[in-house]
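Here's the structure we're looking at; comments come further down.
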Amino acid sequence: MKLRPPSGLLLDTALVAFALADAWAHVDLADRPAAACGLLGALALTLRRRLPLTTFLLTLPTALVTDSVVAPMAALYTLSSLSRHRLLLGACALTYAVTDFMPWPWSSLNATELSQTNNLFHLSYTLATAAAPVFLGQLVQARRELSLRLAEISEAREHERLLTAQSVLAKERAQLAREMHDVVSHQVGLIAVQAGALQVSSRDAETRKGAATIRRLSVQTLEELRHMVSVLRASGSRPTELTPQPSLADLERLVDASGIEAKLETDLPAELPPPVQRAVYRTVQEALTNVRKHAPGAAATVRVRHRDGVVRTTVTNTAPTRPAFVLPSAHHGLAGLSQRAELLGGTVTSGPTPEGGYELSLVLPIDRSR
């Protein structure tokens with residue numbers, strides 16, 4: 001278990017209590033001025049973070065008239081950890097050393113005592129005691145600044161890594177856009193042209209109808225491809241609006257343009273969560289695409305019902321009337337539908353029917369999708 005560092009208020013409280021205990025141990029309570037100086041120095045530590053220099057000056061009487069050292073040394077350390085003025089820190093350390101070295105009252109100072117070797121050692125000890133909190137405070141300040149610099153460097157490296165990844169992604173999208181424009185869009189355009197020519201030249205009504213459907217779907221696909229190419233090419237520059245997301249209002253148009261005999265039965269309310277509407281639309285779209293690819297000549301029925309806070313979507317098709325052509329497929333459609341349904345708390349099931357057809361079912365709870 002990782003221990004958390006104590007909060008500033010708790011640390012200041014403990015430091016004031018420690019300074020009071022130090023004054024209690026070294027000050028005679030009968031000496032009112034000395035006791036007042038000890039109390040002043042201890043309570044002044046509550047200001048050390050906001051007014052470090054003022055706090056240090058308020059603790060100097062404690063060092064002058066008492067033997068307490070906690071309050072002035074803590075104030076000197078705080079000033080050193082927060083200030084960058086080296087000359088000021090040196091002057092404060094020297095002032096504390098002289099104040100702590102000089103006897104109180106000053107009238108008791110004896111010139112002959114200053115020449116004694118013991119006082120020389122005492123002065124050296126006082127100077128070292130004054131220098132210690134200054135050096136420690138400067139060390140803490142340097143460590144804090146180093147931590148900030150390291151954090152800035154880490155942030156800069158993360159930003160650089162993100163920019164590099166975005167640059168690579170932009171290049172890949174640009175390459176993908178070129179491929180889609182040069183290959184896929186060109187071939188879909190040829191399909192639309194050939195379907196239009198077949199629609200005009202054929203004398204068979206069914207052939208003309210099929211050619212018209214192929215041409216309409218090809219043109220629609222070509223428009224979507226061009227929009228996708230524009231989105232990919234705009235990557236890395238200004239944001240580009242995506243194609244408006246489908247809703248339940250688009251279901252009827254989807255069924256009518258499916259190119260197969262399909263019937264829509266729905267009783268859904270108009271105000272459903274947008275994720276539910278998109279999931280229903282994509283499920284019907286994928287099911288009708290599969291019917292068109294794998295069950296030529298089959299009829300489909302799309303049923304969308306809302307009961308007890310659950311939306312049930314079922315797409316059922318009859319048995320095919322002619323063999324299906326072998327078309328390339330990555331088999332990602334049903335997997336994508338299942339993942340979308342799981343994110344919304346629902347399920348997708350599919351399988352053959354006893355009549356030889358196929359059924360795809362989506363069940364979504366509305367409450368979890370909001």
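Could you grab me the full set of residues in the range 262-275 that are within 10 Å of HIS306 (Cβ to Cβ) and not in a loop (DSSP other than H, G, I, E, B)? Break it down into steps so the answer makes sense when it comes.
Within the range 262-275, the first condition is being within 10 Å of HIS306 (Cβ to Cβ), and the residues that meet it are 266-269, 272.
Hit for the range 262-275 is THR266, nothing else.
Answer with yes or no whether ALA30 is of a type in the set (A, V, I, L, M, F, W, C) and outside any helix (DSSP H, G or I).
Numbers: of a type in the set (A, V, I, L, M, F, W, C): yes; outside any helix (DSSP H, G or I): yes.
Considered against the rule, which asks whether it is of a type in the set (A, V, I, L, M, F, W, C) and outside any helix (DSSP H, G or I), ALA30 comes out as yes.
Given the conditions (1) more than 26 Å from PRO273 (Cα to Cα); (2) touching a Gly at 6+ places or on another chain (Cβ under 7 Å); (3) at pLDDT below 85, which single one is not true for ARG368?
(1)
Answer yes if at least one residue in the range 191-199 is modelled with pLDDT under 80 and more than 38 Å from the chain's Cα centre (by Cα), and no otherwise. Reasoning before the result, please.
Initial filter on the range 191-199 (modelled with pLDDT under 80): 192-193.
The next check asks that each one be more than 38 Å from the chain's Cα centre (by Cα); those that pass are 192-193.
For the range 191-199, residues modelled with pLDDT under 80 and more than 38 Å from the chain's Cα centre (by Cα): present.
Which residue out of ALA21, ALA75, ALA35, ALA93 is farther than 24 Å from LEU139 by Cβ and at pLDDT 85 or above?
Working: ALA75 fails: farther than 24 Å from LEU139 by Cβ; ALA35 fails: at pLDDT 85 or above; ALA93 fails: farther than 24 Å from LEU139 by Cβ.
Residue meeting the stated conditions: ALA21.
So, ARG215, is that one surrounded by 16 or more Cβ atoms within 10 Å (Cβ to Cβ) and either modelled with pLDDT of 80 or more or aromatic (Phe, Trp, Tyr) (or both) or not? Lay out the reasoning, then the answer.
Values: surrounded by 16 or more Cβ atoms within 10 Å (Cβ to Cβ): yes; either modelled with pLDDT of 80 or more or aromatic (Phe, Trp, Tyr) (or both): yes.
Here the answer is yes, as ARG215 does meet what is asked.
Yes/no per residue for (1) assigned by TED's automatic domain parsing to the domain that holds GLN138; (2) among the hydrophobic types (A, V, I, L, M, F, W, C); (3) under 41 Å from the mean Cα position of the chain (by Cα):
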{"position": "ALA36", "(1), (2), (3)": "yes, yes, no"}
{"position": "LEU47", "(1), (2), (3)": "yes, yes, yes"}
{"position": "LEU51", "(1), (2), (3)": "yes, yes, yes"}
{"position": "LEU57", "(1), (2), (3)": "yes, yes, no"}
{"position": "THR62", "(1), (2), (3)": "yes, no, no"}
{"position": "VAL65", "(1), (2), (3)": "yes, yes, no"}
{"position": "VAL70", "(1), (2), (3)": "yes, yes, no"}
{"position": "LEU76", "(1), (2), (3)": "yes, yes, no"}
{"position": "SER81", "(1), (2), (3)": "yes, no, yes"}
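Give me the residue from the range 292-309 that is aliphatic (A, V, I, L, M) and in contact with a Pro (Cβ under 9 Å, 6 or more places away or on another chain) and, out of that set, modelled with the lowest pLDDT.
From the range 292-309, those aliphatic (A, V, I, L, M) are 295, 298-300, 302, 304; that's our starting set.
Now narrow it down to the ones that are in contact with a Pro (Cβ under 9 Å, 6 or more places away or on another chain): 295, 298.
Details: ALA295: 86, ALA298: 90.
Among them, the one singled out is ALA295.
Failed condition for ALA91, given (1) loosely packed, with under 15 Cβ neighbours inside 10 Å; (2) touching a residue at least 24 places away in the same chain (Cβ under 8 Å), with all others met?
(2)
Taking the condition of being surrounded by fewer than 15 Cβ atoms within 10 Å (Cβ to Cβ), modelled with pLDDT under 90 and not aliphatic (A, V, I, L, M), how many residues in the range 120-143 meet it?
4
The values are calculated or read from the model by the stated rules, or taken from the named source; none is laboratory data. Predicted, not measured: the structure shown is a model, and the values here were computed from it. All Cβ positions, glycine included, derive from the backbone under ideal geometry; neighbour counts span all protein chains shown.
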